[in-house]
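Below: the structure, in C-alpha cells.
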Amino acid sequence: MHPKEDIFYEARKFNTIELWKNVTGEQWYDADWQIKNTIRSVEQLKRVIKLNSLQESEIRRTLTVLNKEGKEALRITPYYASLMQADPFNPKMLPGEKSKKRLDPVFWQSVPTPANLLFPDTGLEGAMDEKSRSYGAAYQRYPNRLALFVAANTSCASYCVHCQRAKSLNSCANVSHTEINKGLFYIGYNKNIDEVLVTGGDALMISRGRLQYVLEELSRIPHIRAIRIATRVPVVMPMGITDELLELIKFSANKFNHGPDKYVYFMTHINHYHEITKDLAIAAKKIRNHGFTIRNQTVLLNHVNDYYKTLALTFTRMFWIGIHPYYLLQCHKEKGIVHFITPIQIGKIYMKHLQGWISGITMPKYAGNIEGGGGKVILMPSGHDTFHKEFDIDDKISESYAMVHTWDGKELSKYEALGRTTYEEFENGVRIMDDFIGKKGVFVPKLIVVDNNGRHIETTNRTKLPKFEKIKKSKLLEYDVRDKSMPLTNPVVISDEIDKQFKKSNYCKKRFD
C-alpha cells in the first residue's frame, strides 16, 4: 500500500508468449488486430498458458457442453490473455495472499472450467428476467433511469465466465434496429427518465454508426440529463480506447441538445488489481482528458477477489489511476456460476474492516442486485446499531437466507444469496475440480446443502469467518506500525521526534510568498 510501490501489474511481454512470438508492437496495439486474433480455441489457449493433458481435456469437455447449449463461452483478447500467468494453477501473488490456495484471477474470470457445469440448482429465486421489464431494447427497474441494450452479449471483446447474462450467451443473438428504436421511443415517452445506461454486451464494441445514432437520438430528448457508457474495453482491450472514439461520443451525446450539456460518464468493470496495468491507466487518462469521469463495478467473486488485501489493493489502485470504485456487487445466482458466490456475511466483514483503513472515496457501496425487479439492495454493514447491542457479524456465522426489503416496497422473507446442492453433488463437484486443479483446498464453493424435499441442511465451507486484528490489517495493507499494533494516525503523539527531523530538513529553510 506504500506510495513508493509500483501500482501497476506487469503483464507478460506478448512476444515472449508462443502464440504471439512473431507479432509486432504495431499489431499488438491495434484494436482490430486484437479482435481478429481473439482466443477462441483450446489450441490457441495452450500456446499461452501451461495446461496438462487432463486440464486441456476438461476445458474441451466444458466448451463442448456449452457449445451444444448455443454458447460461445471462450473469447479472450490477446491483451487480456497476456495478464494470465504462464502457470495459472500455481500463480505468484503478493505476500499474505495465500497463493498456494489460489488460481490466477484472470484465468478464473476468462477460461471456462468444469466448475461451470456444476451445481445447476440456483435456488428459490430465478435469475433476472430482463424481457419481463422491457420495451424493445429498453429495460427499466427504477423510476428515473433505465438500460438501453444496444448490443448482444456476443459483442463483448472478452467473455467473462462469471457473467450474469450467461443464460443469453447465444452465438446468434442480436439486437435489431427495431428494438433499439422502440427503446429510444419509450425513453422519449417516459419523461421520468433522466438517465440512460447504454449497454449490451459492450457499448463500445458496436459499430461507430450505431453508437453515433444512439447517442445523437438521446441528445434530442430534453429530459435526459445523464448518459452512462457501460464498457469493459479499457480493461480487456485498452488499445480500443482512441481519441477518435472519445470525440465521437463527446460530440454525439450533445449534438442536438438545446439545454445544459448532458453529463456523460463511463462505467467499467475491474475485479482484481492484476487488471490494473499501465495500458489501462493510459486508456483511463484518455477518457478523463476528454472530460468524462469513470466509475467501476467490481463483483465480489469467490476464488478471484474474496480476500481482504485483494479488495483493498483493487479499490485503491483503480482510484489512483482515476477510476472511482462505485459498487461491490454480490455475484448473481445464475446457472453455471454459483461457485463464484461469496456469502454476504463475508462481504460485510470485509467492508467493515476496510472502513477507515483505506480512503473513504475508494470504498464502493456493497450491494446485491435482487431478482424479480427489486433492484439493488445495499448490503453495507453499519457501525451504529440500537437494536442488536450484543450482535457482531464477525462473531456468529449467519443463516444462508435473509429478510430483504427493496426500494420499491417488496419484501422477500427468505432470500437466498447462495446456490443449492446435495451432499453427493457437492462432493463429486469438489473431486472433479480438485483433479482438474491438481491440488486440494483451492476450489471451495459456498453452497446451501438441501435434502430431497429442498429443506436446508447446512452451508458448505462455513466453518471459519475471517478474523482481523489491528496488527493483521496493518500487515496486510503494508502500513508501518507503531505502538499498540496501529499505524501512526496522530502526529501530536510524536511531535518532539518530528520536530527534530523537521529542523534537519530542507523544509525548515524554505520560503514562499
Selection within the range 275-321 - assigned to a loop (DSSP other than H, G, I, E, B) and farther than 16 Å from residue 229 by Cα: 276, 277, 301, 302, 303, 304, 305, 306, 307, 321
Residue within the range 452-460 that is within 21 Å of residue 101 (Cβ to Cβ) and touching a residue at least 40 places away in the same chain (Cβ under 8 Å) present: yes
Of the criteria (1) under 19 Å from residue 443 (Cα atoms); (2) part of a helix (DSSP H, G or I); (3) at pLDDT below 95, which one residue 93 fails: (2)
Per-region count, the range 202-256, residues open to solvent by less than 30 Å² (accessible area, probe 1.4 Å), farther than 19 Å from residue 31 by Cβ and either modelled with pLDDT under 95 or in a helix (DSSP H, G or I) (or both): 6
Residue count, the range 172-198 (criterion: within 16 Å of residue 146 (Cα to Cα) and either open to solvent by 20 Å² or more (accessible area, probe 1.4 Å) or touching a Phe, Trp or Tyr at 6+ places or on another chain (Cβ under 6 Å) (or both)): 13
Which listed residue, of 467, 510, 473, is loosely packed, with under 14 Cβ neighbours inside 10 Å and either at pLDDT below 85 or not in a loop (DSSP other than H, G, I, E, B) (or both): 467
Inter-residue pairs, beta-carbon under 6 Å, first open to solvent by 70 Å² or more (accessible area, probe 1.4 Å) and in the range 407-436, second of a type in the set (Gly, Ala, Ser) and not in a loop (DSSP other than H, G, I, E, B), 6+ apart: 407/375
Test: residue in the range 464-478 that is within 15 Å of residue 339 (Cβ to Cβ) and aromatic (Phe, Trp, Tyr): no
Subset of the range 437-452 [open to solvent by less than 30 Å² (accessible area, probe 1.4 Å) and closer than 25 Å to residue 52 by Cα]: 437, 442, 443, 445
Selection from the range 262-283 of residues that are in contact with a strand residue (DSSP E or B) (Cβ under 8 Å, 6 or more places away or on another chain) and over 30 Å from residue 223 (Cβ atoms): 270, 271
Residues (among the aromatic types (Phe, Trp, Tyr) and free of Cβ contacts under 8 Å to residues at least 60 places away in the same chain) located in the range 236-291: 251, 256, 263, 265, 266
Selection within the range 306-341 - more than 12 Å from residue 269 (Cβ to Cβ) and polar (S, T, N, Q): 310, 316, 330
Failed condition for residue 334, given (1) out of contact with any strand residue (DSSP E or B) (no Cβ under 6 Å at 6 or more places or on another chain); (2) of a type in the set (D, E, K, R); (3) part of a strand (DSSP E or B): (3)
Where a residue in the range 339-363 is open to solvent by less than 20 Å² (accessible area, probe 1.4 Å) and in a helix (DSSP H, G or I) and its partner, wherever it lies, is of a type in the set (Gly, Ala, Ser) and modelled with pLDDT of 95 or more, with Cβ under 7 Å and at least six apart: 339/115; 354/312
Within the range 453-464, tally of residues that are over 28 Å from residue 91 (Cα atoms) and open to solvent by less than 90 Å² (accessible area, probe 1.4 Å): 5
Within the range 72-81, tally of residues that are within 19 Å of the chain's Cα centre (by Cα) and surrounded by fewer than 23 Cβ atoms within 10 Å (Cβ to Cβ): 2
Helices (runs of 4 or more DSSP H) lying entirely in the range 9-52 (those with 1 or more residues that are over 13 Å from residue 82 (Cβ atoms), of a type in the set (A, V, I, L, M) and in contact (Cβ under 8 Å) with a residue 60 or more places away in the chain): 31-36
Conditions (1) open to solvent by less than 70 Å² (accessible area, probe 1.4 Å); (2) within 25 Å of residue 99 (Cα to Cα); (3) of a type outside the set (D, E, K, R); (4) part of a helix (DSSP H, G or I): number failed by residue 494: (2)
Residue check, residue 297 in contact (Cβ under 8 Å) with a residue 24 or more places away in the chain, under 21 Å from residue 325 (Cβ atoms) and crowded, with 16+ Cβ neighbours inside 10 Å: yes
Whichever residue in the range 476-491 is open to solvent by 100 Å² or more (accessible area, probe 1.4 Å) and not in a helix (DSSP H, G or I) and, among such residues, is modelled with the lowest pLDDT: 482
Odd one out for residue 66 among (1) within 18 Å of residue 278 (Cβ to Cβ); (2) open to solvent by less than 30 Å² (accessible area, probe 1.4 Å); (3) not in a loop (DSSP other than H, G, I, E, B): (1)
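The values are calculated or read from the model by the stated rules, or taken from the named source; none is laboratory data. All of these numbers come straight from a predicted model, not from anything done at the bench. All Cβ positions, even for glycine, are placed from backbone atoms using ideal geometry, and neighbour counts span all protein chains on display. Surface accessibility is based on the protein's heavy atoms, side chains included, excluding ligands, DNA and RNA. Shrake-Rupley method; radii C 1.70, N 1.55, O 1.52, S 1.80 Å.
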